[in-house]
Amino acid sequence: MQLSDPTGFEPLAREIAEQLGAHHAKQDGESECVQIVFADGRVLNLTANRPRTRITVTAVLPEQAAAHDIEVKPITVTARPRPRPSETQAKATTRHSAEHIRQRLLPAHTAALAELRELTAPQPATLQRADAALSGFLDRPGGGVAISEQPVRRPLGLTARCAVAWWHTLDGPSRAVAPFMADALRRAGLVTTEPHGSGYVFFAEPPAEPSDTRFRIAPAAGGEGWDLVDEFTGACLRTYDDREWAHGIAESANGEEDAARRAAAASLDLPGLSADLIEDEQFRALAVGLATAGHIPYGLTDVDYTQTPGFHIYPSAEPGRVKVARLLEPWGAIRPGARFKAPEREVERYDKDMEAYARLLTRPGQTAAVMLDGIQVTYNDPLTKP
């Protein structure tokens, strides 16, 4: 069999894939390697060793495998086995290769993935740290903290067991509370991922050594496209159709991660809070109270604020006071006078929202008053900064 032509090698790989029960075979970009891809994401690389008419087959492992010294040695099979009676050379090569892959490579590949899955599973100590970090999120009649492990399908056959936290409501995980839970987990020394549009917060222990490639792209585990994967938590942030676009997003995310690491800040920004208030525990608690009551913090990229009003907390000129704005684009934003240009129905809705905010923010130790530009919260005993 002639293996010198890559276009002739791909049909052979497709025949081998069919024998193995794999999903499909495809050329790996511009390289001379052909990939056999299984439905669960496992990948085998087939390379023709032309001078000796042999085929080298390599089981592809996730990048985390190298950190745990897990490897699967490639196998080499002949492309010219002796055909059986009434069997062509091409059919003999397909049968011979599939048998060797099935017997010599696939068991080792499966065992390596299982070992990696166990080594990367969340540890009880990590779950306990998360539970302690979120203990300040007091249960409400309509919600409460939930923490568990969740299997996440990943490319290359690794179904990761990831640690996940969320604010549980009757309607499912709350998107409003997720940023504040993630912030609390980071302040406890954990790393977090908030998938786009999700109320789940994936978390894990930080790596022993800093990495410049926390975020990478991988073939989508659920179908066509490219996943943006957080190597630290195992979570997929979002799936993109275009590979180059996904690669650019990954580079940007790694740059933001580097900036946050150099700033030594748990949160460079936090929806619903002005940047200069993020490190104030009292104001964070104010935002958490609004979010756990079902109000949406302003600044989430996956929320339509033309339909859903959001809250934003910003400083007051007077000590011991803070302003809480209700934002609904294009009406009711912080912009001076915007409320007075709004349609009557929006003004009525604005006033009702403000009354609801004020009732929620009135509690022992603090009072809330409705002003023209939002809610003014006054602390009877404000926290003093060191």
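Values quoted throughout were computed directly from the atomic coordinates according to the rules given, and no laboratory measurement underlies them. Remember, predicted model here, so these are calculated numbers, not experimental data. We place every Cβ from the backbone using ideal geometry, glycine too, and count neighbours over all the protein chains shown.
Selection among Trp226, Ala133, Thr213 by position relative to the dipole of segment 124-263 gives Ala133 as farthest towards the positive end (Cβ unit charges, Cα centre). Rg ratio for the chain: its Cα radius of gyration over 2.2 N^0.38 Å, N being its residue count, equals 1.30. Taken as Cα centroids, segment 222-267 and segment 81-141 sit 24 Å apart, rounded to the nearest whole angstrom. Mean residue ellipticity at 222 nm, helices only, the chain: -9500 deg cm²/dmol; runs of at least 4 DSSP H residues each add -39,500 (n - 2.57), and the sum is divided by the number of residues. A Förster distance of 22 Å, applied to the separation of the beta-carbon atoms of Asp242 and Thr159, puts the FRET efficiency at 0.25.
Each Lys and Arg Cβ is given +1 and each Asp and Glu Cβ -1; about its Cα centre, the chain then shows a dipole of about 1000 debye.
In this structure, Ala121 and Ala317 have a Cβ-Cβ separation that, at R0 = 45 Å, corresponds to a calculated FRET efficiency of about 0.30.
What are the aspartates and glutamates whose alpha-carbon lies under 17 Å from the alpha-carbon of Lys323, with same-chain residues fewer than 8 places away excluded? Straight-distance partners of Lys323: Asp276, Glu279, Asp280, Glu281, Asp351, Asp353, Glu355, Asp373, Asp381.
How big is the charge dipole of segment 6-119 about its Cα centre, in debye rounded to the nearest 20, if each Lys and Arg gets +1 on its Cβ and each Asp and Glu gets -1 on its Cβ?
That gives segment 6-119 a dipole magnitude of about 700 debye.
In summary, the aspartates and glutamates within cross-link reach of Lys91, defined as a Cα separation below 17 angstrom excluding same-chain residues under 8 places away, comprise Glu10, Glu15, Glu18, Glu99.
In this calculation the C-beta distance from Glu355 to Asn254 is compared with R0 = 41 Å, giving a FRET efficiency of 0.35. A Cβ-based charge dipole, computed about the Cα centre of segment 275-379 with Lys and Arg at +1 and Asp and Glu at -1, lands at about 260 debye. Since only Thr362, Val324, His295 are under comparison, the one whose Cα sits farthest along the positive direction of the charge dipole of segment 275-379, derived from C-beta charges on Lys, Arg, Asp and Glu, is Thr362.
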